[in-house]
Structures are given as C-alpha cells and as structure tokens.
Amino acid sequence: MKKVILDMDTGIDDALAIAYAVAKPELEILGITTVYGTAPVEYTYRNTVKVLESVGEPLPVRKGSDKPRERIREYNGKIHGMDGLGETLGELKEDGLVPSQHAVDFIIEETDRCGEDLTIVTTGPLTNLAAAIEKSPAIMKKVGKIVTMGGAVATPGNVSKFAEANIAVDPEAADIVFKSKLPVTLVGLDVTRKTLLTDKDVEKWRQLGTPTAELFASFTQFYLHEYKKLHPYLEGCALHDPLAVGVALYPDLVNTVPMHIEVDKTDEALGRTVENLHVNEDETPNTQVCFQVDAQAFMDDFFGTCHHPNFV
Ligand code: BDR
Ligand code: CA
C-alpha cells in the first residue's frame, strides 16, 4: 500500500478526490490536512470531515493555514460556492472537536516517520507545504514524492490569462516548494482539462440513490453549472483534484517532462508557472510536468470506483 497525505482546500473536486482515494485499496491515507482556498479553512476543514463521514471513513483531519503568506484571499463563491461545497452542507457550526495539532505539524511528523515511503498529494494552495518546508527543511527532504494539482505550463490559466488558482492564490508558497528541490510532479491544467465529468455522470449518482451519492450529485451539479459559465467550450467540468490522486496511484497515466519551473510574480502574470531554461545545471530540473494523460484510462478508473453500486 502506498502511504499518502492529502493536503486539500476541500472544494468540490477535492471532495471527489477524497471519495476516489478512500475507495482505493492501494492507498493508505495517513490523514487529510486542510488549507483555505476554495473557501475559508473553517469550511474546508468542515467539508473534509463531512465528506469522510459521508463515505464512512473516519481518517485523521488536521486544520491548517487560514491565509496566503503575503496576500489577501478574497472569496466570491464562483465554481465551488461560498462554503466550498456548492452550498450543500448548510451553516457552519463550530462543534469544538477540532484537533489541536496543526496541519503543518502533522505533515512534518508523518514525513519524519515515513520518509521516502510517503507521497504528499496537494490539491489546494501550497501554504501548508511551504510552511512545513520552512519549519523543518531537513525532515521534509525525506519525503518520497509530492504530487501537486496546480499550474498551467503550456495552456491558459483559469484565474487569469496565465495562472492556475492553486498557484496564483499563494505564489510565494509555491515558489518555496519549487525552490526546495523536493521531488514535485505537477498535475496542472495541461492535463486536468482533458479529464471531464458531464451531466450524465451526475445522473448516474442520482440513480444510485444513496444519501452519499445524492450529496455528490448535488454539489457536482453546482460545479458543472459554474463551469459551463466559465468554460462554455468544454464538454464538462475538469476532474483536477481526482487526477492528482490518480497520478499518485498510477504514475504511468501521464507522460512527464522534467523542467525547471518558476513562479511568475509580475502583476500581469502573477502565479504563472513558467519554465526557466537559463539556470545553472545543478538547479535544473526541479519538477516533472505532466503534459499528456491517458484520459480514458483515468476516467474509467475514477467512474468505475465512484459510480460503483457499493458507493455508499
Ligand atoms: C484547482 O482550484 C480549485 O478550485 C480546485 O479545487 C482545484 O484544486 C483548479 O485550478
Ligand atoms: Ca482544490
């Protein structure tokens, strides 16, 4: 079994990634660390706990960073709704059950314990991971692999002409991660826009008829609706975060190119992931960038898992 930590801003496609990951016997999920991003961290933490309850998997969940390192995160409810899950879970209630350990300390502790056996999958802004690297660089060097949903290297961005959301929200954190020389595989819009979920897939959840399938149908319907407004040319909504889990599970799903990736900090292209060919040899490459994906194989596996009649 592959040991993983999922670091997430749960979010609609993050929730789909959780359902997919917990159903895969090949993965041992040590815990889920949460970060602000699609919504404030109080919501992304709550959403994570609720999604795990709904799929019947009581994993450790840790609350993490509540804001970017230097910037201000503003929320507009587009794509994921103001609560991150398409307004499906109702009002936020603080129930006092939040564990005291911070997400960053959980990441450091588990990396120290598991070393190269550990894969960290990130599907939100890189604020938690950057803080872990900054706090315990020697321990974090032990990590086996980091699979990051983020960036857009040869395709347009989704929050600006050039930038992808997870990188653009906290470009300084992303910068720390790329400069850390940790083994990062970048699952960006270059590949995630090729793996799509459509109305028919939502309908299949509705037909399963369980409370969990109904919940998933409801928030995914919201995501599809929002996506159509933003990307009328796409035939569905992108399975960004599930694909990152898919790549952690099955690296052969993608073809990667080793590159030296940097984060653009200029106003016009803030958060753009760019290749720099003009660096010293000992600095390059720092990232495996995914450019091709066997989209059919991934979608067959994802829907085979999440549309299965046993989907609780
Ligand atoms: C990424 O941003 C978030 O909205 C999604 O959950 C995904 O992680 C896509 O750019
Ligand atoms: Ca996400």
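The values are calculated or read from the model by the stated rules, or taken from the named source; none is laboratory data. Keep in mind that this is a model prediction, so the values were computed, not measured. As a convention, Cβ positions derive from the backbone with ideal geometry for all residues, glycine included, and neighbour counts pool all protein chains shown.
Can you pull out the residues in the range 2-29 that are assigned to a loop (DSSP other than H, G, I, E, B) and on the phi < 0 side of the Ramachandran plot? Those that are assigned to a loop (DSSP other than H, G, I, E, B) and on the phi < 0 side of the Ramachandran plot: 9, 10, 23, 24, 25, 26. Looking only at residues in the range 88-103 that are modelled with pLDDT of 95 or more and in a loop (DSSP other than H, G, I, E, B), the one that is farthest from residue 171 (Cα to Cα) is 88.
Could you please find all residues in the range 111-129 being over 21 Å from residue 21 (Cα atoms) and away from ligand 2 (no atom under 16 Å from the Cβ)? Answer for the range 111-129, where residues must be over 21 Å from residue 21 (Cα atoms) and away from ligand 2 (no atom under 16 Å from the Cβ): 112, 113.
Scanning the range 118-164 for residues that are within 9 Å of ligand 1 (Cβ to nearest atom) and surrounded by fewer than 24 Cβ atoms within 10 Å (Cβ to Cβ) yields 157, 158, 159. Taking the criterion of being of a type in the set (A, V, I, L, M, F, W, C), closer than 22 Å to residue 174 by Cβ and crowded, with 18+ Cβ neighbours inside 10 Å, the only residue of the range 45-86 that qualifies is 79.
Of the residues making up the range 261-304, those that are over 17 Å from residue 186 (Cα atoms) and at pLDDT 95 or above are 265, 266, 269, 270, 296, 297, 299, 300, 301, 302, 303, 304.
Report yes if residue 153 is in contact with a Leu (Cβ under 8 Å, 6 or more places away or on another chain), in a loop (DSSP other than H, G, I, E, B) and under 21 Å from residue 248 (Cβ atoms), otherwise no. Criteria met by residue 153.
Scanning the range 168-202 for residues that are in contact with a Ser or Thr (Cβ under 6 Å, 6 or more places away or on another chain) and under 30 Å from residue 215 (Cβ atoms), we see that the one that is farthest from ligand 1 (Cβ to nearest atom) is 202.
Would it be correct to say that residue 167 is modelled with pLDDT of 95 or more, closer than 16 Å to residue 6 by Cβ and either within 17 Å of the chain's Cα centre (by Cα) or charged (D, E, K, R) (or both)? Answer is no for this residue.
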